[in-house]
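> Quick one: this structure, given as structure tokens, is what I'll be asking you about.
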Amino acid sequence: MAYESLLLDVHDNGVAHLVLNQPALGNPFNAAFCREIAEAAGELASRRDVRAVLLRANGPYFSVGGDIKMFSQTLPTLPEQIRVWTGGLHLGVARLARLDAPIVAAIHGIAMGGAVGLFAGCDLVYCGRSVKLGGAYTTIGYTCDMGATFTLASRMGLARARRFLLLGEVLSAAEGEKTGLIDYLVDDDAVLAEAEAAAVRLANGPTRAYGELRRLMTTALGAGFERQMEDEVQALIRAASTRDAMEGITAFVERRGAKFEGR
């Protein structure tokens, strides 16, 4: 499927490249992106050959975040427009969170506002050393969206995430690593290669087990201890019924590396 704001390409190794692709504009989260992220996430969810996702961007910036120019052009109807835009945006984010395939993000240049919310929900985040990361919402009198209060608190801790959002902080990549916002700080020219290598490694893993773990983590701090344990049991039962689990046990007993198929 062709997109205006994105590229989606599934490689033979099972890694889907989901690429922000409005480089001349700074890859903003505009109306096209809000609509198409839901469509792209739906396409990913429907494909059995996707075993990992690499989230990256074309151009000098990962993303400038929300499209302020678009906001300024719709001020009289902006609250209602936000309801429409976030409908697609949040559907896309929710679909990505429910994938079995783990998501690896490669961050370069700058990532502001919603862009930080987007990559904070990824499973592994690789970031160049010169990157700037901003919680820019309150600088224009806005609050956040995309589940950022959850994903940022999950990564940074509640108090640190609150400070990041309230003050509209801009962090260096090193500060982002220190707070837990990013996982791996690497040289700028190595970000994409290292993130892609991680995605390939995950694509060779037990995809359905990864999916069960991804979904369990979204309820880890809110479901209550006993419910979470029961959810873990049910997820484990489902994972144990997969071909990959049978292969994993057999490979362990036979003292060889497992060859997972994502089934």
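> With the condition kept exactly as written, say whether any residue in segment 23-33 is buried (at least 22 other Cβ atoms within 10 Å of the Cβ) and either at positive phi or in contact with a helix residue (DSSP H, G or I) (Cβ under 6 Å, 6 or more places away or on another chain) (or both).
Yes, there is a match, as at least one residue in segment 23-33 is buried (at least 22 other Cβ atoms within 10 Å of the Cβ) and either at positive phi or in contact with a helix residue (DSSP H, G or I) (Cβ under 6 Å, 6 or more places away or on another chain) (or both).
> Hey, which of the strands (runs of 3 or more DSSP E) in segment 129-203, taking only ones fully inside, have at least 3 residues that are touching a helix residue (DSSP H, G or I) at 6+ places or on another chain (Cβ under 9 Å)?
132-134, 184-186
> Additional query: Please go through segment 183-214 and give me each residue that is under 15 Å from Leu124 (Cα atoms) and charged (D, E, K, R), ordered by number.
If the condition is that a residue be under 15 Å from Leu124 (Cα atoms) and charged (D, E, K, R), then Asp183, Glu194, Glu196, Arg201, Arg214 are the ones that fit.
> Before we move on, is Ala111 in a strand (DSSP E or B), modelled with pLDDT of 95 or more and either among the basic types (Lys, Arg) or in contact with a Cys (Cβ under 6 Å, 6 or more places away or on another chain) (or both)? Walk me through how you get there before you give the answer.
Values: in a strand (DSSP E or B): yes; modelled with pLDDT of 95 or more: yes; either among the basic types (Lys, Arg) or in contact with a Cys (Cβ under 6 Å, 6 or more places away or on another chain) (or both): no.
In short, no.
> Another question about this same structure. Is it true that some residue in segment 147-168 is in contact with a strand residue (DSSP E or B) (Cβ under 9 Å, 6 or more places away or on another chain) and among the aliphatic types (A, V, I, L, M)?
There is no residue in segment 147-168 that is in contact with a strand residue (DSSP E or B) (Cβ under 9 Å, 6 or more places away or on another chain) and among the aliphatic types (A, V, I, L, M).
> If the requirement is being under 30 Å from Glu212 (Cα atoms), within 18 Å of the chain's Cα centre (by Cα), surrounded by 20 or more Cβ atoms within 10 Å (Cβ to Cβ) and of a type outside the set (Val, Ile, Thr), which of these qualifies: Leu91, Leu96? First the steps, then the outcome.
Numbers: Leu91 fails: surrounded by 20 or more Cβ atoms within 10 Å (Cβ to Cβ).
The conditions single out Leu96.
> When you scan segment 5-35, how many residues do you find that are charged (D, E, K, R) and closer than 18 Å to Leu91 by Cα?
Counting residues in segment 5-35 that are charged (D, E, K, R) and closer than 18 Å to Leu91 by Cα gives 1.
> If Phe62 passes every condition in (1) in contact with a helix residue (DSSP H, G or I) (Cβ under 8 Å, 6 or more places away or on another chain); (2) without any contact (Cβ under 8 Å) to a residue 60 or more places away in the chain; (3) not hydroxyl-bearing (Ser, Thr, Tyr) but one, which one does it miss?
Result: Phe62 fails condition (2) only.
> Moving on to the next point. Out of segment 65-99, which residues are in a loop (DSSP other than H, G, I, E, B), of a type outside the set (Asp, Glu) and without any contact (Cβ under 8 Å) to a residue 60 or more places away in the chain? Talk me through it step by step, then tell me what you get.
Here is the first cut: in segment 65-99, the ones in a loop (DSSP other than H, G, I, E, B) are 67, 74, 98-99.
Of the ones still in play, those that are also of a type outside the set (Asp, Glu) are 74, 98-99.
Correct list: Thr74 only.
> Consider segment 150-170. How many of its residues are surrounded by fewer than 20 Cβ atoms within 10 Å (Cβ to Cβ) and farther than 25 Å from Leu75 by Cβ?
12
> Could you check Ser63 against (1) surrounded by 14 or more Cβ atoms within 10 Å (Cβ to Cβ); (2) more than 27 Å from Ala203 (Cβ to Cβ); (3) at pLDDT 95 or above and say which number it fails?
The failed condition is (2).
Results for (1) hydroxyl-bearing (Ser, Thr, Tyr); (2) more than 30 Å from Gly113 (Cβ to Cβ); (3) surrounded by fewer than 16 Cβ atoms within 10 Å (Cβ to Cβ); (4) outside the structural domain of Leu44 (by TED's automatic domain parsing), shown as yes or no for each residue.
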{"site": "Ala174", "(1), (2), (3), (4)": "no, no, yes, no"}
{"site": "Glu196", "(1), (2), (3), (4)": "no, no, no, no"}
{"site": "Leu221", "(1), (2), (3), (4)": "no, no, yes, yes"}
{"site": "Glu226", "(1), (2), (3), (4)": "no, yes, yes, yes"}
{"site": "Val233", "(1), (2), (3), (4)": "no, yes, yes, yes"}
{"site": "Arg243", "(1), (2), (3), (4)": "no, yes, yes, yes"}
{"site": "Gly248", "(1), (2), (3), (4)": "no, yes, no, yes"}
{"site": "Ala258", "(1), (2), (3), (4)": "no, yes, no, yes"}
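The values are calculated or read from the model by the stated rules, or taken from the named source; none is laboratory data. Quick caveat: nothing in here was measured; it's all calculated off a predicted structure. In this analysis, Cβ positions are derived from the backbone assuming ideal geometry, glycine residues included, and neighbour counts consider all displayed protein chains.
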